[in-house]
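**Student:** Next up is a structure, given as structure tokens.
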Amino acid sequence: MTHMTTAYGNEAALGKEAGDDIAIGADIDFGKRERDDHAASYMSPGDELVRHALAYIDRNICTPIDVASVARAVNVNRSYLSRTFHACVGMTAKAYIDARRIERATTMLTESNMSIARVARRCGYASADVFTRRFRAAHNTTPAQWRRGQRP
């Protein structure tokens, strides 16, 4: 794990922790600039801010984080983070956090026998009810129905 001090926070972790079971945020495409050998020299401050926000979200996805806590972590105001994040990623930070939580929950429902309530807590939801509403919005079915459909 590599750490670097930035203008957006005291320290940002880059990379994946040993033991992480799901790669989160790996599929965000920042465009051609990232593929260039000298991408850092072409990266806008907004791209760098979003990279730090994504790293923070990835490290804390299992906790009850929200956009305001992400903004505090990268030392910008919530409104600026929201605009910049949406411009770079193509979705709101709130939608991104929810999508990653649902992605993690889907994997956990498939690969474990944990209760729905425990999956909800492990994915950063305050309650199984909130988790079920968000899961239904994403998959048009409840977590329990989805799990039954995945079993042989």
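The values are calculated or read from the model by the stated rules, or taken from the named source; none is laboratory data. It should be emphasised that the depicted structure is a prediction, and the values quoted were computed from it without experimental measurement. As a convention, Cβ positions derive from the backbone with ideal geometry for all residues, glycine included, and neighbour counts pool all protein chains shown.
**Student:** If a residue must be at negative phi and either surrounded by 15 or more Cβ atoms within 10 Å (Cβ to Cβ) or touching a residue at least 60 places away in the same chain (Cβ under 8 Å) (or both), how many such residues does the range 118-152 contain?
**Tutor:** 18
**Student:** Let me ask something else. So which of T110, T132, T141 ends up being modelled with pLDDT under 95 and more than 29 Å from H52 (Cα to Cα)? Steps first, answer last, please.
**Tutor:** Numbers: T132 fails: modelled with pLDDT under 95; T141 fails: modelled with pLDDT under 95.
Within the list T110, T132, T141, the selection yields T110.
**Student:** Suppose we filter the range 72-114 for residues that are in a helix (DSSP H, G or I), in contact (Cβ under 8 Å) with a residue 12 or more places away in the chain and more than 30 Å from T142 (Cα to Cα); how many remain?
**Tutor:** 5
**Student:** What are the residues in the range 61-70 that are in contact (Cβ under 8 Å) with a residue 12 or more places away in the chain and assigned to a helix (DSSP H, G or I), if any? Outline the logic, then answer.
**Tutor:** Of all residues in the range 61-70, those in contact (Cβ under 8 Å) with a residue 12 or more places away in the chain come to 61-67, 70.
Answer for the range 61-70, where residues must be in contact (Cβ under 8 Å) with a residue 12 or more places away in the chain and assigned to a helix (DSSP H, G or I): V67, V70.
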